[in-house]
Amino acid sequence: MDNDSKDINRLADHLFRHESGKMVAVLVKIFGTENLQIAEDVVQDTLMKALETWQQNGLPENPAAWLYRVAKNKAIDIIRRNKFSVQYDFSDSERILLQSEYTLNVVMDTLWTAEQVNDDLLQMMFACCHPEIPEESQIALILKTLCGFSTAEIAKSFLSNDDTIAKRIYRAKEFFRLRKLRPEFPGVSEISGRINAVLKTIYLIFNEGYNATHADTLIRKDLLDQAIYLTGLLCGNQHTQLPEVYAAMALMHFHAARIDSRIGTDGDIILLSSQDRIKWNTSMISEGNEYLNKAATGDRLTSYHIEAAIAYEHCIALKFEDTNWERILFYYNLLENLHPSAIVSLNRLMVLFKLYGSAYVINEIASAPDTAGWEKNYLYHSLLGEIYAPSDKAAAIGHYMQAQTMTQSAAEKKLLSNKILALG
Amino acid sequence: MKEYLFLFRGGDNRDMETTTDAGQAQMQKWMEWMGGLAAQGKLGPAQPLEKSGKLVKGRDKIVTDGPYMEGKEMVGGYLICKAANLDEAIELSKNCPILDAESGIVEIREIQELKR
């Protein structure tokens, strides 16, 4: 393959990730969620045709518009082929206008305008995060239909296998098929509950990219990129630009700004204390800060607000020693009040350790009513390792080894091995 | 609510063309009229008809070519719409783009309901 076609492939790859979801969303509006498969097939055909044509003739002036035009014409073909097999139903006026030769072309043109396309994508996001679809299926579905990931890429992202992912997607599609769900923005009374589900799914995608559960840097960056892209769309739409959306966007910016210093060239994790802060992306941090300012409206304080504030504290510390642990502790206390969970209290313990040392934390653990939630998390054992490292090497190694058995991430395992070696 | 069949006769017999400005404008008019019916939940299926056709006639089933009458009175398409009564159906038909031409006719026929 020559360089030109390689360039085209790379460009196409990036473009396809963003555009395929939009096209699926528009096509779902045309064919209904029950025909999601048809929508995906049209998009696949369109992308194939794009690759073929572009490799021969070079990129068109406006590649996205080119894709939309081809997808639109394919959709018109499909409607024309199926036209007369459709029963008529006065209640579905959109469908009727699409199925009449008098109006088909005009309706089609209005469906593919940029503004409309973005709305459709967001509405489809709400459909994918329908409360009756299991969370794990929501994630797989969003990555597959809206982010243009292949089943294999999703399986790789979530350390699962193709079969499992395919089944999750299949179940979600069955739900659509049976319910004929119509993608739409939730009403004002519903939106804050529904947006939570959407943000949660996006944030899980982000975390999968942020945490080094797999070594493939490209996939990781893609996951981060997609999560920020989708949240950006939510920030830009009047139906969805809520304080918690801005807060989540800020949080993701503060984390993503530091990703390059967090992972070494060999995929190793570099701890916050030894990260090269020069590598932090300052423009991304200030962008994040702008989002955080926008998030400071209304009376709702969400966990995204607090987590963003914590991440911001880390971002503004020029050296690790400058970290304002008191303020971070204050935020963790807030977070624990708002959403008590094992992972929050565990993170709080780590801050207490930084602030007051091992004796304090041991005491804190001893007086905790229940440590079962912590025991299940490798971070707890890793923290115990650090607590005991100066005083009791054998105990520390034991804890590190215990932690190793509890993480699936090769990079985490290696980090723990290094800690054990340092003690030896 | 009753259902009415609109038969479009005569009028501007150009097909729905996407290539010319006049065609585009014409399509836009159909969209406005039918979109209005759809918004009121009164629109059923509607399609233009091909120009060529056949006639099959009588017991001998003699097949002849169309068109069957003068071109300007030929049925060019149909639309089914819901209306409370014939008067409403007449009102609803008045914005049909077929009537932009002097020769355009909308023939309105109530569709019989099944007798219970």
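For chain A, the relative contact order comes to 12 percent (Cα pairs under 8 Å, sequence separation of at least 6).
Averaging Cα coordinates gives a centre for region A:229-271 and one for region A:1-72; these two points are 26 Å apart.
Under the convention that each Lys and Arg Cβ holds +1 and each Asp and Glu Cβ holds -1, the size of the dipole of chain B around its Cα centre is about 620 debye.
Find, among the trypsin sites (Lys or Arg not before Pro) in region A:108-182, those assigned to loop by DSSP (not H, G, I, E, B) with at most 15 other beta-carbon atoms within 10 angstrom. Taking region A:108-182 and a limit of 15 other Cβ atoms within 10 Å, the loop trypsin sites (Lys or Arg not before Pro) found are A:K180.
Rounded to the nearest 20 debye, the dipole magnitude of region A:1-74 is 260 debye, with +1 charges on Lys and Arg beta carbons, -1 on Asp and Glu beta carbons, and the Cα centre as origin. Contact-buried residues of region B:32-48, at a threshold of 40 Å² lost accessible area versus the chain by itself: B:M34, B:A38, B:L43, B:P45, B:Q47, B:P48 (1.4 Å probe; DNA, RNA and ligands ignored).
Entry comment: accessible area of region A:294-367 is 54 Å² per residue, from protein heavy atoms only and a probe of 1.4 Å. So, how do all the Cα-to-Cα distances of region A:311-424 break down into 10 Å bins, in percent, from 0 on up? Taking all Cα pairs of region A:311-424, the binned fractions are 13, 40, 38, 8, 0 percent.
FRET efficiency for the A:Y360 to A:K167 pair, using the beta carbon distance and R₀ = 45 Å, is estimated at 0.40.
At a threshold of 20 Å², the residues of region A:98-145 that become less accessible to a 1.4 Å probe in the full protein assembly than in their chain on its own are A:S100, A:E101, A:Y102, A:T103, A:N105, A:V106.
Mean partner shielding of peptide A:39-50, defined as the number of other chain Cβ atoms within 10 Å of each residue Cβ, is 0. FRET efficiency for the pair A:D276 and B:L49, taken as 1/(1 + (r/R0)^6) with r the Cβ-Cβ distance and R0 = 56 Å, rounds to 0.15.
For the pair B and A, the buried accessible area comes to roughly 1700 Å² in total, with a 1.4 Å probe and the value rounded to the nearest 100.
Pairs exceeding a 21 Å alpha-carbon distance, out of A:K354/A:K419; B:K54/B:K94; A:K74/B:K51: B:K54/B:K94; A:K74/B:K51.
Working note: 222 nm ellipticity from helices only, DSSP H runs with n ≥ 4, each -39,500 (n - 2.57), summed and divided by the residues of the protein assembly as shown, gives -19500 deg cm²/dmol to the nearest 500. For the protein assembly as shown, the share of accessible area belonging to carbon and sulfur comes to 51 percent (1.4 Å probe, ligands and nucleic acids excluded). Dipole of the protein assembly as shown computed with +1 at Lys/Arg Cβ and -1 at Asp/Glu Cβ about the Cα centre; of A:L146, A:Q55, A:Q402, farthest Cα towards the positive end is A:Q402. Entry comment: accessible area of region A:377-424 is 49 Å² per residue, from protein heavy atoms only and a probe of 1.4 Å. The calculated FRET efficiency for B:K94 paired with A:L318, based on their beta-carbon distance and R0 = 60 Å, is about 0.20.
Counting only Cβ charges, +1 for Lys and Arg and -1 for Asp and Glu, the dipole size of chain A around its Cα centre is about 400 debye.
Using C-alpha pairs below 8 Å separated by at least 6 residues, the relative contact order for region A:106-263 is 22 percent.
With the cut-off at 23 Å, tell me which of the pairs A:K29/B:K82; A:K200/A:K414; A:K173/A:K200; A:K22/B:K29 have Cα atoms farther apart than that. With Cα atoms farther than 23 Å apart: A:K29/B:K82; A:K200/A:K414; A:K22/B:K29. Computed from Cα atoms, the angle from the helix A:325-338 axis to the main principal axis of chain A rounds to 60 degrees. When you restrict to C-alpha pairs under 8 Å that are six or more residues apart and normalise by the size of chain B, the relative contact order lands at 47 percent.
Of all aspartates and glutamates in the structure, the ones whose alpha carbon falls short of 15 Å from that of A:K279, not counting any fewer than 8 places away in one chain, are A:D260.
Among the residues of B:21-29, the average count of other protein chain beta-carbon atoms within 10 Å of the residue beta-carbon is 2.
The values are calculated or read from the model by the stated rules, or taken from the named source; none is laboratory data. Quantities reported herein were computed from a predicted structural model and do not represent experimental measurements. Using ideal geometry, Cβ is built from the backbone for each residue, glycine included, and neighbour counts are taken over all protein chains shown. For accessibility, only protein heavy atoms count, side chains too; no ligands or nucleic acids. Shrake-Rupley method; radii C 1.70, N 1.55, O 1.52, S 1.80 Å.
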